[in-house]
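Asker: I'd like to ask you about the structure that follows.
Taken together, the values in this text are just the output of simple stated rules run on the coordinates, not laboratory data. Fair warning: this is a prediction, and the values are worked out from it, not measured in the lab. Using ideal geometry, Cβ is built from the backbone for each residue, glycine included, and neighbour counts are taken over all protein chains shown.
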Amino acid sequence: MNEDHHPHDAGHTSPPPGAPVKTLRFRLPDLPRVRQFAEREARGAGMPEDAIGDFVIAVNEVATNAVTHGTDDGRVRLWADAGEVVVEVHDGGSWKPGPMPDSVGGMGLWVARLLAHELSLRVGADGSTVVMRFAGKR
């Protein structure tokens, strides 16, 4: 797992020019670090304290999906944009619709969609990417 600071990663959602982008690469055993990363970066971006818990839950749900339904590794990128916190979770797998009737689990994207201000999903030859936007500074 690597935690990097990259101003630009080609081929994905574009942060505003010059915006610092924090990146964390992870695998299934790293999910606790993903939650810590999300919490720390949300605070650093000025997210209100009462919103951080929901933010961490949404990031965790999508990151968990990435490494359990996608590929065995994923990447989280996070940046601030126009008063919002934007988080992107990418894996090399292909998206499959769910949950199936009577299934246990499979609700991660649904939960994240409820918690995020906006959620979009991109699926292509290079994998699946979920982008979520959350209110930042008030």
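Asker: Describe numerically, in nm with one decimal, the distance between label points set 7 Å from Cα along Cα→Cβ at Leu114 and at Ala19.
Answerer: 2.7 nm
Asker: Mind computing the radius of gyration and Dmax over the alpha-carbon atoms of segment 57-96? Å is fine for both.
Answerer: Just the Cα atoms of segment 57-96 yield Rg and Dmax of 11.1, 33 Å.
Asker: Right, here's the next one. Can you give the FRET efficiency to the nearest 0.05 for Leu28 and Ala135, using r as the Cβ-Cβ distance and R₀ = 25 Å?
Answerer: E between Leu28 and Ala135, to the nearest 0.05, is 0.25.
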